[in-house]
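I have placed the structure first, in the form of structure tokens, so that the comments after it can refer back to it.
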Amino acid sequence: MLTEQDQLKKLVGQEAAHYIKDGMKIGLGSGSTVYWMIKMLGERVKEGLHIEGIPSSNQTAEWAKEFGVPLTDFSKVEGLDVTIDGADEVDGNLNLVKGGGGALFREKVIAKAAKELIIIVDESKVVEKLGDFPLPVEVLPFGWEMTAAKIKELGCELTVRSKDNEVYVTDNGNYILDCQFGKIENPEMLDQELIQIVGVVETGLFTNMTDKVIVGSKDKVSLLE
Ligand code: 5RP
């Protein structure tokens with residue numbers, strides 16, 4: 001039995017799959033909303049759609065295999081036609097906080113590689129200003145304590161992400177610091193400040209990258225662009 005939020009995720013995930021045309025190379029994001037998009041793509045592949053996807057996480061790769069969506073990698077393709085991904089927060093300028101699922105680095109790679117970035121969210125993710133959701137920052141394990149101290153100097157409280165009482169390790173072998181900055185007044189500037197800190201691999205701030213956001217709410221699916 002799906003929750004109301006999950007039903008909206010399913011709705012926008014399925015809707016997004018209709019943006020995909022024959023022959024496209026697609027960036028496959030991560031998370032429970034993307035799950036529905038991949039499932040629907042699998043059905044379209046069975047009906048004859050020819051596509052190839054590059055997954056942004058091991059979990060996404062597993063789902064793609066399960067639903068029959070062919071995969072490729074950057075040694076075989078030069079770029080992507082479109083990337084479809086979820087988000088943890090979306091603001092009025094279509095800036096995003098991502099990385100709730102820990103896949104932000106590969107998600108940013110496939111977002112940057114694509115001609116078009118389409119984000120799929122339920123209405124709870126749309127906010128006036130980013131920052132209620134703690135900003136995930138991927139850091140190298142070596143010296144992460146030093147990296148964390150430098151990040152704190154930018155004005156946040158942070159925690160090292162854990163799972164089952166162990167430090168959570170990303171698909172890239174790194175750690176995630178969940179950083180509570182409060183409302184983020186200038187996402188682009190904060191992203192630039194963070195990325196300059198030695199040890200920071202990537203941040204969950206996706207600024208000036210999104211082309212379209214498909215939002216699912218109770219009575220309709222709407223498009224922000
Ligand atoms: C993973 C992400 C996801 O896209 C984000 O967490 C949204 O996930 P969901 O669709 O499950 O709500 O950034 O790193």
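The values are calculated or read from the model by the stated rules, or taken from the named source; none is laboratory data. No experiment lies behind these values; they were computed from the predicted model shown. Heads up, the Cβs are rebuilt from the backbone with ideal geometry, glycines too, and the neighbour counts pull from every protein chain shown.
Output the residue which, of all residues in segment 145-155 that are closer than 17 Å to residue 188 by Cα and touching a strand residue (DSSP E or B) at 6+ places or on another chain (Cβ under 9 Å), is surrounded by the most Cβ atoms within 10 Å (Cβ to Cβ). Filtering segment 145-155 for residues that are closer than 17 Å to residue 188 by Cα and touching a strand residue (DSSP E or B) at 6+ places or on another chain (Cβ under 9 Å), the one surrounded by the most Cβ atoms within 10 Å (Cβ to Cβ) comes out as 151.
Can you spot a residue in segment 133-144 that is within 20 Å of the chain's Cα centre (by Cα), more than 14 Å from the ligand (Cβ to nearest atom) and surrounded by 24 or more Cβ atoms within 10 Å (Cβ to Cβ)? Yes, segment 133-144 has at least one match.
Working carefully through the options 25, 39, 10, 46, find the one that is crowded, with 17+ Cβ neighbours inside 10 Å, of a type outside the set (A, V, I, L, M, F, W, C) and more than 16 Å from the ligand (Cβ to nearest atom).
On inspection, the qualifying residue turns out to be 25.
Among the strands (runs of 3 or more DSSP E) confined to segment 123-205, the ones with at least 3 residues that are under 29 Å from residue 215 (Cβ atoms) are located at 135-139, 175-180. When we screen 139, 77, 126 for residues that are touching a strand residue (DSSP E or B) at 6+ places or on another chain (Cβ under 6 Å) and within 22 Å of residue 198 (Cα to Cα), the only hit is 139. Filtering 191, 178 for residues that are buried (at least 18 other Cβ atoms within 10 Å of the Cβ) and touching a Lys or Arg at 6+ places or on another chain (Cβ under 8 Å) leaves a single hit, 178. Determine if segment 48-59 includes at least one residue that is of a type in the set (D, E, K, R) and touching an Asp or Glu at 6+ places or on another chain (Cβ under 7 Å). No; the residues of segment 48-59 include none that is of a type in the set (D, E, K, R) and touching an Asp or Glu at 6+ places or on another chain (Cβ under 7 Å).
The single condition among (1) in a helix (DSSP H, G or I); (2) farther than 26 Å from residue 4 by Cβ that residue 53 does not meet is (1). Scan segment 43-73 residue by residue and report those that are in contact with a Lys or Arg (Cβ under 8 Å, 6 or more places away or on another chain) and farther than 21 Å from residue 113 by Cβ. Answer for segment 43-73, where residues must be in contact with a Lys or Arg (Cβ under 8 Å, 6 or more places away or on another chain) and farther than 21 Å from residue 113 by Cβ: 67, 68. Scanning segment 67-112 for residues that are charged (D, E, K, R), assigned to a helix (DSSP H, G or I) and either within 11 Å of the ligand (Cβ to nearest atom) or within 17 Å of residue 33 (Cβ to Cβ) (or both) gives 106, 107, 108.
So which residues in segment 71-83 are surrounded by fewer than 12 Cβ atoms within 10 Å (Cβ to Cβ) and either closer than 11 Å to residue 55 by Cβ or touching a Cys at 6+ places or on another chain (Cβ under 8 Å) (or both)? Full working, then the answer.
From segment 71-83, those surrounded by fewer than 12 Cβ atoms within 10 Å (Cβ to Cβ) are 73, 75-76, 78-79; that's our starting set.
73, the sole residue that qualifies.
Residue-wise test of (1) modelled with pLDDT under 95; (2) in contact with a helix residue (DSSP H, G or I) (Cβ under 7 Å, 6 or more places away or on another chain).
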| residue | (1), (2) |
| --- | --- |
| 39 | no, yes |
| 59 | no, no |
| 78 | yes, no |
| 119 | no, no |
| 125 | no, no |
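Scan segment 113-122 for residues that are in a strand (DSSP E or B) and either over 24 Å from residue 4 (Cα atoms) or more than 10 Å from the ligand (Cβ to nearest atom) (or both) and jot them down. Result: 114, 115, 116, 117, 118.
Look at segment 141-155: where a residue is at negative phi and a partner is surrounded by 13 or more Cβ atoms within 10 Å (Cβ to Cβ) and assigned to a helix (DSSP H, G or I), sitting 6+ places away or on another chain with Cβ atoms under 8 Å, you get 151/194; 154/190; 154/193; 154/194.
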